Structure formats: C-alpha cells, structure tokens
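**Student:** Shown below is the structure under consideration.
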Amino acid sequence: MLAAAIQAFRELFTPPFRVVLLKCVGFTIGLLALLIIVLEGLFSHFVEWPHWIETTIEWMGGLALVVGSIFLIPPVTSLMAGLYLDDIAGEVERLYYPADPPGRAMPALFAIVAGLKFFLVVLAVNLVALFLLLVPGVNLIAFYVGNGYLLGREYFEMVAMRHLPLAEARALRKANLATVFLGGLIIAGLASVPILNLLTPLFATAFMVHIYKSLARRAGLSRLAPRPA
C-alpha cells in the first residue's frame, strides 16, 4: 500500500497530470478564498461593538477561519473528485494497466451529484471535528477516523464504478474494509498537511486506482468488462 501511495504521489508531477493538477489546485484555492471571505464578511456584519473591538474580533476571526480551513480542505477538495476523477483515473489506467479493459467515465450528472453528496458528508464530519478543536486529541481522532473512512469509501467506490455496477463496487469495498480504510487514512494524512493537501483529490484518485486494481485481481475481477450503462 505504501508503494502504491508513493507511486501515486510521483504521478502527480508527470506531464500527463500537470494540466489537471494546475486546474485542480487553482480551483481549490479560489473556492477556499471565497469561502473564507464570505464567512468573515458574515461574521463582521453581525458584530456591532466599538470599532477597535470589532476590528480585533474580525482579525481574530479571520485568523481562526484560516486555521479552520485545514478542516475545510477535505470537503472542498472532495468537490474536485466529480470533476477530475475520470481524467486522472483514465490516465493511470492507460499508463499502468494497458492490458486491462478501460474504465468507463461516469455520466456528467451522476458525477456532479456524487461530488455534491461527497462534499456535504465530508463537510459535516469536518465541522464536527472543528467544533471539537478545543478538546485535545479528540478532534484529531475525529478528523482522521472520520475522513479516513469517508475518503477511502468514496474514492474507492467512484474508481471501482468505472468498471463495476454500484452494488458490486460496494460489495468489493465491504469485502476489503480494512484495506480501504487504511488507504483512506493515508489520504486523510495528506489532507492534513498544508499546501500538500491541495493535491488530495488527484492523489486520492490515482492511489485508489492502484488499490482497486490490486483488490480486483485478488478477487478475480481484473478482466471484467467496463461498467455497464
């Protein structure tokens, strides 16, 4: 698994992935900046204390939002999964698994809905972890366990659904819960590292392609036909 993670990380900086990498990072930074500006604007709008106190609170609130954005990175980057997953997964499959049947891209509407659902679920978990920030240790446990489970589950199923119907993708994940969860913990670990966490959706997709291929071969599914319409 560590070898697959290292390989996936290296792939991000190779020529086939650079364009998607730049698009993904740029979109993520822009979305995070917009989110912070909106939240700080709402916060300052409802503060009506003396000017110097208001200014101090606004600055402290802005700093808190920047720190809190660490917890917002996973849900924000999860939105990218629906937009770029097929591009990254297809490139990994083409380069490293050319003999296998190619995966089939998810329909655009399905990908958008899946991305939004993924975003809302991961956002809820990370808001809980953020509210537990004042409880030493507990917030980190909530962050890693919650994101490890969700990120592993969602990225694995979306990659697997390029080849399998949803029910079979879920069955394969449930048959390998520990492996998928450990993979999710690695993704959550990257998501907690400033700057590098911007690479989360690309890394997670490439990483889960390798995990899926390994588990599919073990289950005798490596030669299945592409996912049916």
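**Student:** Gain in length, Arg94 to Thr14, computed as 0.36 nm per residue apart minus the alpha-carbon separation, to one decimal in nm?
**Tutor:** 27.4 nm
**Student:** Would you grab the residues whose amide H sits under 5 Å from the one on His163? Only those 5+ places off in sequence or on another chain, please, with H modelled 1.01 Å from N.
**Tutor:** HN-HN under 5 Å from His163: Arg104, Arg227.
No lab work stands behind these numbers, since they all come straight from the coordinates. Model, not experiment: these values are computed from the prediction.
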